[in-house]
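The values are calculated or read from the model by the stated rules, or taken from the named source; none is laboratory data. No experiment lies behind these values; they were computed from the predicted model shown. Cβ placement follows ideal geometry from the backbone for every residue including glycine, while neighbour counts extend to all protein chains displayed. Just the protein is used for accessible areas: all its heavy atoms, side chains included, with ligands, DNA and RNA removed. Shrake-Rupley method; radii C 1.70, N 1.55, O 1.52, S 1.80 Å.
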Amino acid sequence: MSTLNDQVRAFWEQGPCGTNPGITGTIEPLSRDWFEQVERVRYEREPMIHGVAQFTRHGGQRILEIGVGAGTDHLQWARAGAECHGLDLTQAAIDTTAARFKLYGFESNLQRHDAETIPFPDAHFDVVWSWGVIHHSETPERIVAEIHRVLKPGGQFLGMFYKRRSLAVFKEWLKWAALRGKPWRSFADVLWHHFESVGTKAYEPHEMARMFQAFGQFRCDIAMTPYDLQHFPRWLHPWFPQGWGSFLDITATK
Ligand SMILES: C[S@@+](CC[C@H](N)C(=O)[O-])C[C@H]1O[C@@H](n2cnc3c(N)ncnc32)[C@H](O)[C@@H]1O
C-alpha cells in the first residue's frame, strides 16, 4: 500500500507549483521567458516572500530549501550569494530547478528526497527555507524536528504554513461542504481532501508555536493573500481583518 507521501509525490510530479498553463500560457517550457513569467507572477501574488526571506541578508551563508518546486525562491538565494542546497519529493521539481540554475549560471546541490529525513549532518545550515511545503507532508512534525537538527545553533528556519481559519479555506468549505449539503465537514477535512495534494494540513498560530517549541525564538505573522480576497468585491477587502489571511509566515531561531 502506498504511503501518503507517495500520493503527495504523484500529485506534484504533474508539474511544479506555479508553472501551470494558466500562468505560463504558450511560452516554451523551461525557456528564459517561461521562468521569467513564473517569477513575475509568483512575486506579484506573494510579495510577502521577500519580507520573510530577506534573501540578500544571507549572502555567503549555507542554506537548505525544502520543497524547491520550480526553483523561483531557490534562484533568489543563489543571486544573493548563498551556498544553495535543495530537496524536493519530486523529480519534476528537481529537473525544473536544475534547468533553471543551468540557464542562469548558478549551482546548487539538488536532491530528490523526502524531507521527513534530511540527508545532512547535525548543525550544518545557517538557514532552512520552506515556503508552502511542510503542511503537505505526512508528518510535518518530523520535518520540523529534522530542521532543528540540521540548523546550526543560532540558525534560522524561515517559511510559510497554511492557516486553517482563513478566508481561502472558508471558500473551499463553502464549495465542498456547505453547498454540497454537508455543513458538518470540518475545515481540516475539506483541506485534507480538496486542497492541492491529498493530506494537506493547516494550522493556527498556537499550534505552530507548539510545533516549533524546541526553537529558542519563534515568530508567526498572519498574511492576507490574493487567494483569500479573490471573488470578494474590492470595496470589501479593507474590512477583512488580517487574522483571516491564509498564510502563517514563520521565523524560528535555534
Ligand atoms: C506547493 S509546492 C511549493 C513549492 C515551492 N516551495 C513554492 O512555493 O512554489 C509543494 C512542494 O513541496 C514538495 N514536497 C511535499 N512534501 C515534501 C516532502 N516530504 N519532502 C520534500 N518535498 C516535499 C512537493 O513535491 C512540491 O514540490
- Message: Condition (residue is under 15 Å from Gln156 (Cα atoms) and open to solvent by less than 20 Å² (accessible area, probe 1.4 Å)) applied to segment 74-82: is it met by at least one residue?
- Response: yes
- Message: Going by what's in this entry, would Lys254 be described as touching a helix residue (DSSP H, G or I) at 6+ places or on another chain (Cβ under 8 Å) and within 21 Å of Ala53 (Cβ to Cβ)?
- Response: yes
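When you scan segment 83-109, how many residues do you find that are more than 10 Å from the ligand (Cβ to nearest atom) and open to solvent by less than 40 Å² (accessible area, probe 1.4 Å)?
7
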- Report yes if some residue within segment 45-66 is within 11 Å of the ligand (Cβ to nearest atom) and either among the basic types (Lys, Arg) or free of Cβ contacts under 8 Å to residues at least 40 places away in the same chain (or both); otherwise report no. yes
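Let's see how each residue does on (1) under 27 Å from Pro153 (Cα atoms); (2) in contact with a strand residue (DSSP E or B) (Cβ under 8 Å, 6 or more places away or on another chain); (3) at pLDDT 95 or above; (4) in a loop (DSSP other than H, G, I, E, B):
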position: Ile94; (1), (2), (3), (4): no, yes, yes, no
position: Leu103; (1), (2), (3), (4): no, no, yes, no
position: Gln111; (1), (2), (3), (4): yes, yes, yes, no
position: Asp122; (1), (2), (3), (4): yes, no, yes, yes
position: Asp126; (1), (2), (3), (4): yes, yes, yes, no
position: Trp129; (1), (2), (3), (4): yes, yes, yes, no
- Note on the structure: Taking segment 79-92 and the residues there that are assigned to a strand (DSSP E or B), within 15 Å of the chain's Cα centre (by Cα) and not acidic (Asp, Glu), the one that is nearest to Glu141 (Cα to Cα) would be Leu87
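I'd like the full set of residues that are open to solvent by less than 30 Å² (accessible area, probe 1.4 Å) and within 9 Å of the ligand (Cβ to nearest atom), limited to segment 1-17.
The answer is Asn5, Val8, Pro16.
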- With the checklist (1) out of contact with any Pro (no Cβ under 9 Å at 6 or more places or on another chain); (2) in contact (Cβ under 8 Å) with a residue 40 or more places away in the chain in hand, flag the one item Arg112 doesn't pass. (2)
- Of the numbered conditions (1) surrounded by 18 or more Cβ atoms within 10 Å (Cβ to Cβ); (2) within 25 Å of Ser197 (Cα to Cα), Arg40 satisfies every one except a single condition; which is it? (1)
- Query: Given the residues Glu65, Glu138, Glu146, which is the only one that is modelled with pLDDT of 95 or more and crowded, with 22+ Cβ neighbours inside 10 Å?
  - Reply: Glu65
- Looking across segment 43-62 at residues that are of a type in the set (D, E, K, R) and over 19 Å from Gly154 (Cβ atoms), the single one that is most open to solvent (accessible area, probe 1.4 Å) is Glu44
- Message: If Pro21 meets every condition in (1) open to solvent by 20 Å² or more (accessible area, probe 1.4 Å); (2) at pLDDT 95 or above apart from one, which number is that one?
- Response: (2)
- Task: Filter segment 158-186 down to residues that are closer than 16 Å to Pro205 by Cα and of a type in the set (Phe, Trp, Tyr) and give me whichever is most open to solvent (accessible area, probe 1.4 Å).
- Result: Tyr162
- Tell me which residues, restricted to segment 187-243, are touching a Gly at 6+ places or on another chain (Cβ under 8 Å) and among the small types (Gly, Ala, Ser). Ala223
